Amino acid sequence: MTIYSYQNTVFLFLVTAVFLAGACSSGEKQQAAQSDGMAMSDDEHAAHADMQMDAGEPTGESIYNVSSTWQNRRGESVTLNSLGGKVQVVAMVYTHCEHACPRILADMQRIRDGLPEKALSATNFTIISIDPERDTPGRLTDFARENNLSDDQWTLLNGDEGDILEIAALLGVKYKRISDTDFTHSNMITVLNKEGEVAYQRRQLTDQQDKIIDVIHDLGS
Amino acid sequence: MYRKPILLLFLLAGCSLLARAQPNGMVAIERDTFMPFYSSAGDSIRVESFYLDTHPVTNAEFLKFVTENRQWRRSQAKSVFVDENYLGHWEGDLDIGTNTAPESPVTNVSWFAARAFAKWKGKRLPTLHEWEYVASASASKPLASRDRAFVRQILDWYSRPNPEQKPAVGEGRPNYHGVYDMHGLIWEWVRDFNTVFISGESRADQGELKQFYCAAGSSVAADADKANYAAFLRYAFRGSLEADFSVGNLGFRCARDKK
């Protein structure tokens with residue numbers, strides 16, 4: 001994985017060089033990337049500094065390439081790029097679900113409990129609601145309190161329906177509203193590496209958390 | 001060669017006008033109810049009024065889009081949004097090439113790219129229900145998806161191989177709503193393509209599926225509507241897609257809310 005992202009960085013660097021050359025000649029200036037979330041070595045920093053280019057451009061495979069904005073439990077506007085820098089354990093659920101979602105959440109909590117302290121400090125848990133009408137920031141706050149989802153480890157997101165579909169598409173999560181109150185949805189838990197690339201996906205409910213804990217541990221160290 | 005920049009200028013000017021004006025090249029679809037193919041026990045679905053493009057998006061239109069939106073050019077698009085076949089039938093980033101008619105429908109575009117195009121136009125992709133509702137209209141009737149001759153016609157098209165060179169959009173006969181090419185030319189992306197489930201029909205499969213999907217006590221696609229086999233093929237096809245796929249006979253058209 002590290003080798004892969006390094007290659008991606010180099011690739012981006014080349015693309016950027018070509019892009020800048022092209023942009024200068026045609027007099028266009030647009031889309032400098034925003035904010036930084038990518039850890040880089042000093043050498044790479046130096047190389048990029050020469051380019052006058054922001055370091056924050058997500059890698060080609062990063063889901064942080066989306067431009068959508070979301071609301072967290074406090075009603076603050078956040079971008080997915082702000083999740084960068086930590087390993088993310090992501091699930092898409094709705095808080096009124098009485099079927100699989102409580103089990104997905106319980107699995108995430110068991111994963112958290114299974115991580116050694118150091119790996120845990122490099123990990124965050126993100127829940128994206130597929131029910132934006134009912135899962136308002138207020139509801140997400142209540143849900144977090146009921147389930148002891150601390151603010152420093154758990155991010156709960158409410159967003160626009162189109163943006164939820166986009167994230168679902170990126171993660172390969174399928175969902176569908178089947179009544180006024182319920183959805184069917186994949187029981188998927190996704191692990192994103194620090195760059196926001198899908199590193200691992202667990203598609204079904206299981207009592208075995210060892211494998212996913214190992215993956216998170218390796219990505220976090 | 002010098003013709004190209006001038007032509008492009010015209011195209012760009014035209015499209016910025018289009019984006020602002022009241023729906024040009026769109027028709028109003030009035031509110032109605034219909035029965036999607038998987039609906040069970042007479043569930044009918046209401047589709048609210050909306051605007052739909054009369055034609056699928058063409059290669060020429062998509063060229064304008066990538067010209068203005070560098071990040072969606074073939075060589076620039078992020079790999080998370082498009083697979084390696086993205087615009088694979090073009091000869092270059094800004095070159096449709098000689099084998100593709102500019103007025104033919106654009107294909108080999110991912111759902112992400114189609115969605116970005118729609119946003120750029122101030123539009124959106126039609127929902128699955130919107131698309132299926134309009135697609136269920138024959139030339140003379142708004143709801144013909146249980147009309148044997150109509151379904152036969154669609155199935156005939158599904159069974160024909162794709163022509164080497166796609167014809168231009170709008171050459172066929174418009175349907176009841178005045179919309180062209182819902183059938184017979186390409187398949188089309190819809191906004192919520194990834195909400196479709198095709199699940200196994202046997203009980204045994206369902207136990208297995210519970211491990212993967214929270215089914216909330218309902219089997220979604222269990223009651224396949226036998227009279228509408230054409231729709232079944234479309235649902236099955238959509239169910240096989242991933243959003244970054246670029247497929248040679250899969251394009252799109254745009255919709256807009258009617259307020």
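For segment B:35-46, the count of residues that are of a type in the set (Asp, Glu), at pLDDT 95 or above, open to solvent by 30 Å² or more (accessible area, probe 1.4 Å) and more than 30 Å from A:Ser62 (Cα to Cα) is zero. For the condition open to solvent by less than 50 Å² (accessible area, probe 1.4 Å), at pLDDT below 65, touching a Gly at 6+ places or on another chain (Cβ under 9 Å) and assigned to a loop (DSSP other than H, G, I, E, B), B:Ala243 does not qualify.
Output the number of residues of segment B:49-83 satisfying the condition of being more than 30 Å from A:Tyr64 (Cβ to Cβ) and either touching a Pro at 6+ places or on another chain (Cβ under 9 Å) or without any contact (Cβ under 8 Å) to a residue 24 or more places away in the chain (or both). Residues flagged as more than 30 Å from A:Tyr64 (Cβ to Cβ) and either touching a Pro at 6+ places or on another chain (Cβ under 9 Å) or without any contact (Cβ under 8 Å) to a residue 24 or more places away in the chain (or both) within segment B:49-83 amount to 10.
Conditions tested, residue by residue: (1) in contact (Cβ under 8 Å) with a residue 12 or more places away in the chain; (2) within 9 Å of chain B (Cβ to nearest Cβ).
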site: A:Asn158; (1), (2): yes, no
site: A:Gly172; (1), (2): yes, yes
site: A:Ile178; (1), (2): no, yes
site: A:His185; (1), (2): yes, yes
site: A:Val191; (1), (2): yes, no
site: A:Gln201; (1), (2): yes, no
site: A:Leu205; (1), (2): yes, yes
site: A:Gln209; (1), (2): yes, no
site: A:Ile213; (1), (2): yes, no
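Evaluated against (1) at pLDDT 90 or above; (2) not assigned by TED's automatic domain parsing to the domain that holds A:Glu166, A:Met51 falls short on exactly one condition, (1).
For segment B:85-114, filtering for residues that are modelled with pLDDT of 95 or more and open to solvent by 40 Å² or more (accessible area, probe 1.4 Å) leaves 9.
Taking the conditions (1) open to solvent by 40 Å² or more (accessible area, probe 1.4 Å); (2) within 14 Å of chain A (Cβ to nearest Cβ) in turn, B:Pro126 satisfies each one other than (1). When you look at A:Thr206, is it assigned to a loop (DSSP other than H, G, I, E, B) and in the same structural domain as A:Phe125 (by TED's automatic domain parsing), yes or no? Criteria met by A:Thr206. Scanning segment A:166-181 for residues that are touching a strand residue (DSSP E or B) at 6+ places or on another chain (Cβ under 9 Å) and assigned to a loop (DSSP other than H, G, I, E, B) returns A:Gly172, A:Val173, A:Lys174, A:Ile178.
Considering B:Asp181, B:Asp156, the condition of being outside any loop (DSSP other than H, G, I, E, B) and within 24 Å of B:Gly239 (Cα to Cα) is satisfied by B:Asp156 alone. Of everything in segment B:84-114 that is among the aromatic types (Phe, Trp, Tyr) and within 12 Å of chain A (Cβ to nearest Cβ), the residue that is nearest to the chain's Cα centre (by Cα) is B:Trp111. The single condition among (1) within 12 Å of chain A (Cβ to nearest Cβ); (2) open to solvent by less than 10 Å² (accessible area, probe 1.4 Å) that B:Phe81 does not meet is (2).
Evaluate segment A:186-200: report whether one residue or more is in a helix (DSSP H, G or I), in contact with a Phe, Trp or Tyr (Cβ under 9 Å, 6 or more places away or on another chain) and surrounded by fewer than 22 Cβ atoms within 10 Å (Cβ to Cβ). Taking every residue of segment A:186-200 in turn, none turns out to be in a helix (DSSP H, G or I), in contact with a Phe, Trp or Tyr (Cβ under 9 Å, 6 or more places away or on another chain) and surrounded by fewer than 22 Cβ atoms within 10 Å (Cβ to Cβ).
Within segment B:154-200, being open to solvent by 60 Å² or more (accessible area, probe 1.4 Å) and either at pLDDT 95 or above or of a type in the set (Val, Ile, Thr) (or both) holds for B:Tyr176, B:Ile198.
The values are calculated or read from the model by the stated rules, or taken from the named source; none is laboratory data. From a predicted model like this one, the values you see are computed outputs, not experimental measurements. Heads up, the Cβs are rebuilt from the backbone with ideal geometry, glycines too, and the neighbour counts pull from every protein chain shown. The protein model used for the area step is the full one, side chains on, heavy atoms only, and it has no ligands, DNA or RNA in it. Shrake-Rupley method; radii C 1.70, N 1.55, O 1.52, S 1.80 Å.
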